[in-house]
Amino acid sequence: MFERRRRVLVTGGAGFLGSHLCQRLLEQGNHVICVDNFYTGTRDNLMTMIDNPQFEVVRHDVTFPLYVEIDEIYNLACPASPVHYQYNPVQTTKTSVHGAINMLGLAKRTRARILQASTSEVYGDPHVHPQTEDYWGRVNPIGPRACYDEGKRCAETLFFDYRRQCDLSIKVARIFNTYGPRMAAYDGRVISNFIVQALTGQPITIYGNGQQTRSFCYVDDLIDGLIRLMASPDEITGPMNLGNPAEFTMLELAEQVIELTGSRSEIRFMPLPEDDPRQRQPAIAHARATLGWEPTVQLREGLTKTIAYFEEMIRAEAIETRIAAE
């Protein structure tokens, strides 16, 4: 018998993670609808997919309702770097909260399965290390990062309330620091910052004393985790940590970037921003046990691929600048 393609909606589909997810879903033979308002996403991220007849792009802001017929929803829409989400904090909160309400309403109408891209920032500046899913977190509800942290926490609340009240099939993924090609060059994330600074000979800026830690997951591994979570049985709802448990200090990361780029950039220390978490490491036993998932790409390998992407980006920008000057 004829098997209909799954119709999959990806909000924030033109962003870093969203575009990689769209590409993987297309490779699996799905019909993919990419929804984005292009606040932080870019059409450049979609160029390899734009001619695929199974791919649609819809310019839309998820703070407004959307009416389409779909089977699955990946809700990734929200600026994810401090530079962008602190620029308009009210809109950031609206994107997380109103966006969740609108996508859950769509899932309720179409009986679609829906996945929320939550974040490790729901743990705030944690007292528990590594962070497990049953830890409630330590978030400043009135600080400069609260628009993102609390917005995502509220979105998680809405997802579980919709499941209890409307019997929706939901999945909640708590995404830890992820990196790779298609990251924005100037969005304030530490890996893109360090790489661009190293490649352009600028000082590498470390906030604080460099001993605060992060755990970095390569984008291919993260996308595999999201797809496995979406495909899991209904009783597996999450929240589920998805990230690489290998932990590095900011100083160790800077030294690796300098080595891999061959840069002569010096390291410059700056004051630590308010509410910046000191430690971030996912406990992924839940994902290992229920999804059979764990990261496979080590930091050195992932950085090498990411550096190659930024080298090409900087080279292309230099050519465009020279042509414009001529």
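Pairs under 7 Å by beta carbon, first residue closer than 21 Å to Glu252 by Cα in the range 267-294, partner part of a loop (DSSP other than H, G, I, E, B) and open to solvent by 90 Å² or more (accessible area, probe 1.4 Å), six or more apart or different chains?
Partner pairs satisfying both residue conditions: Phe269/Asn209.
Determine which member of the set Leu115, Leu76 is touching a residue at least 24 places away in the same chain (Cβ under 8 Å) and either among the hydroxyl-bearing types (Ser, Thr, Tyr) or open to solvent by less than 10 Å² (accessible area, probe 1.4 Å) (or both). Talk me through it step by step, then tell me what you get.
On the way: Leu76 fails: either among the hydroxyl-bearing types (Ser, Thr, Tyr) or open to solvent by less than 10 Å² (accessible area, probe 1.4 Å) (or both).
Within the list Leu115, Leu76, the selection yields Leu115.
Check off (1) more than 17 Å from Gly12 (Cα to Cα); (2) in contact (Cβ under 8 Å) with a residue 24 or more places away in the chain; (3) assigned to a helix (DSSP H, G or I); (4) charged (D, E, K, R) for Asp161 and give me the number that stays unchecked.
Condition not satisfied by Asp161: (2).
Among Ala155, Ala184, which is outside any loop (DSSP other than H, G, I, E, B), out of contact with any Lys or Arg (no Cβ under 6 Å at 6 or more places or on another chain) and either over 30 Å from Arg268 (Cβ atoms) or open to solvent by 10 Å² or more (accessible area, probe 1.4 Å) (or both)?
Step by step, each of Ala155, Ala184 is checked, and only Ala155 is outside any loop (DSSP other than H, G, I, E, B), out of contact with any Lys or Arg (no Cβ under 6 Å at 6 or more places or on another chain) and either over 30 Å from Arg268 (Cβ atoms) or open to solvent by 10 Å² or more (accessible area, probe 1.4 Å) (or both).
The values are calculated or read from the model by the stated rules, or taken from the named source; none is laboratory data. Note that this is a predicted model, so its numbers are computed, not measured. Reconstructed Cβ throughout: ideal geometry from the backbone, glycine too, with neighbour counts over all protein chains shown. Accessible surface is based on the protein model in full, side chains and every heavy atom, while ligands, DNA and RNA are left aside. Shrake-Rupley method; radii C 1.70, N 1.55, O 1.52, S 1.80 Å.
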